[in-house]
Each structure stands twice: as structure tokens, then as C-alpha cells.
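These notes concern the structure reproduced below.
The values are calculated or read from the model by the stated rules, or taken from the named source; none is laboratory data. These figures come from a predicted structure and were not determined experimentally. Backbone-built Cβ (ideal geometry, glycine too); neighbour counts: all protein chains shown.
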Amino acid sequence: MEAKARAFWPGTDLANPDMLIEVDIERTLNSRERSFTLKATFASDESRVVLFGPSGSGKTLTLQSVAGLMRPVSGRIALKGRVLFDAKAGIDVPSRERRMGYLFQDYALFPHMTVFGNVGYGLRKAWQWRLSKKDRRDVLGLLDTLEIRHLAESFPADLSGGQKQRVALARALMTRPDLLLLDEPFAALDTLLRGRLRKELLDIQERFHVPMIMITHDPEDITAFAETLVTYEAGRVCQIQRDPDSASSSSDNV
């Protein structure tokens, strides 16, 4: 997917418009037991970036920083030429304005809401009691696209693992995000279901033309999704590979 510069927020500078995503951040977390420092630097112009590495190596912290859920101490984050965070320039675009679709590892569906309510949640305004007719049509249309309209009045407790994932993905897509962030989307699923849903996710991503950053521990996910593979170790990016499964694969050791 070609990455071109798009409209950006007042007061921000354009980063490299040829790069889809640029991340160069640092953050230290301290507790009684340990101190952990994240220093993550990578850039990609590909539409599917996979973050790979052992648990506790900084992948989720990176995803949270891109989403605006955690503020780095220093560094810079840019998406499609639009600066989302720049510590030196004092730029920190609020998470709700970053146009991100976040698929959490446990899906984080609201248990008291139906499938329809979960998917339409991001469209609601603070003063609205219910969605507008247009928004309701849009929600039902997306449920149709993902083949889960028959579940519209169901609650999360009544859904299978695969159904929950589709609902969470629909909620992430509903606000038409510029980037999908996926934190181990298949970890809670059995092996056979993982294979089927990988194919579905690839189809959905191509249909909606939305780039993604995915966290995984599974080499099968790397094979299916990675156009750029970013490998983490102990809070650092130690290697960046482009087209890791192709004969012409190139890599940079960091």
C-alpha cells in the first residue's frame, strides 16, 4: 500500500510522507521489584507490520504508545506523515483523535451491551441517547459485511471465541481508522480456528484498505501477515526484516 501524506492536526509538522509508520520512543517503568526501559525505533512503508518477541519485551507498550494510551518520556511517533507524538515539540495528539482501531488481546467487549451496542459504541456522542438512523444503518451494514448481523442482539457471554473476535474487529473498524492495532488477536483461539480467522482478517484488511500493526508470539502469524517484521528483546528492537519469508528478504540489526 502506498503511503501518502494526509491532512494533519494544526501545529504538527509533516514527518517523512513516504513512511506509513515511524516510531522512535523511550519510556521507563519503575516498580518495587524491577525497572523496565523501552527503547523502540522502527519505520515501515508496508501495510502489515508485525511485532515479535518474548513476553515482557515491550511490544504492548509500543502499541499503547502508538494508540495514545501511554505517553513516552521522549521520542516521536508519526503515521502517514502526520505527527502524533513529539516530545521535543510538545505534540501529543489525544488517543480519541488519533483514528486508531485497537483490538485488545481479551477483546474487551462491554458485557452489558449487545453486539450492536458494542460495535456502535465509538459512534455515540456524549449527549446522544441512541445512534442516528444513518449510524444504525452503518453498524448493521458492517455486521452484514462481517457476517455477524444475526448476532446483533446477543451479549458477549453468549458468543464463541471466533464470534467475539469478529465483534471486536467490527468495533475497531466502525470508526474508519487510519491504522489497526492488534494485540495477539488469535492467542485465545484453538489451532483450527486460528487458521480460518487469519484468512478472514487478511481479507478484511484488504477489503477495508486499512494498514495494521500486530503483536504475536506465533510464527504462523509472521508467515501470514508480516511485510515488515520487528523483533524485540528486553525492551529493545533488535532486528527489522522486510518481507521476512521471501527469498529477497532484507534485515537490519539494531
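Assorted remarks:
- Test result for residue 95, of a type in the set (Ser, Thr, Tyr), surrounded by fewer than 19 Cβ atoms within 10 Å (Cβ to Cβ) and over 29 Å from residue 223 (Cβ atoms): yes
- Being of a type outside the set (Lys, Arg) and more than 18 Å from residue 225 (Cβ to Cβ) is true of residue 33.
- Test: residue in region 148-169 that is within 14 Å of the chain's Cα centre (by Cα) and within 22 Å of residue 21 (Cβ to Cβ): yes
- The set of residues in region 174-200 being part of a helix (DSSP H, G or I) and under 30 Å from residue 54 (Cβ atoms) consists of 191, 192, 193, 194, 195, 196, 197, 198, 199, 200.
- Residue 124 meets all of the listed conditions (1) surrounded by fewer than 18 Cβ atoms within 10 Å (Cβ to Cβ); (2) modelled with pLDDT of 90 or more; (3) touching a Leu at 6+ places or on another chain (Cβ under 8 Å); (4) of a type in the set (D, E, K, R) but one, namely (2).
- When each of 242, 207 is tested for being within 24 Å of residue 42 (Cα to Cα), basic (Lys, Arg) and assigned by TED's automatic domain parsing to the domain that holds residue 95, the lone residue that passes is 242.
- Among the residues of region 136-162, the ones that are touching a helix residue (DSSP H, G or I) at 6+ places or on another chain (Cβ under 8 Å), assigned to a helix (DSSP H, G or I) and at pLDDT 90 or above come to 9 in all.
- Counted residues, region 71-95 - those being in contact (Cβ under 8 Å) with a residue 24 or more places away in the chain and out of contact with any strand residue (DSSP E or B) (no Cβ under 7 Å at 6 or more places or on another chain): 5
- Selection count, region 98-121, where residues are of a type in the set (Gly, Ala, Ser), out of contact with any strand residue (DSSP E or B) (no Cβ under 8 Å at 6 or more places or on another chain) and crowded, with 16+ Cβ neighbours inside 10 Å: 2
- Of the residues making up region 98-129, those that are over 14 Å from residue 164 (Cβ atoms) and either in contact with an Asp or Glu (Cβ under 7 Å, 6 or more places away or on another chain) or among the aliphatic types (A, V, I, L, M) (or both) number 6.
- Test set (1) β-branched (Val, Ile, Thr); (2) assigned to a strand (DSSP E or B); (3) at pLDDT below 90 - residue 41 fails condition number: (3)
- For region 186-232, filtering for residues that are in contact with a Lys or Arg (Cβ under 6 Å, 6 or more places away or on another chain) and at pLDDT 90 or above leaves 7.
- Considering (1) crowded, with 17+ Cβ neighbours inside 10 Å; (2) free of Cβ contacts under 8 Å to residues at least 60 places away in the same chain, the lone condition that residue 168 does not fulfil carries the number (2).
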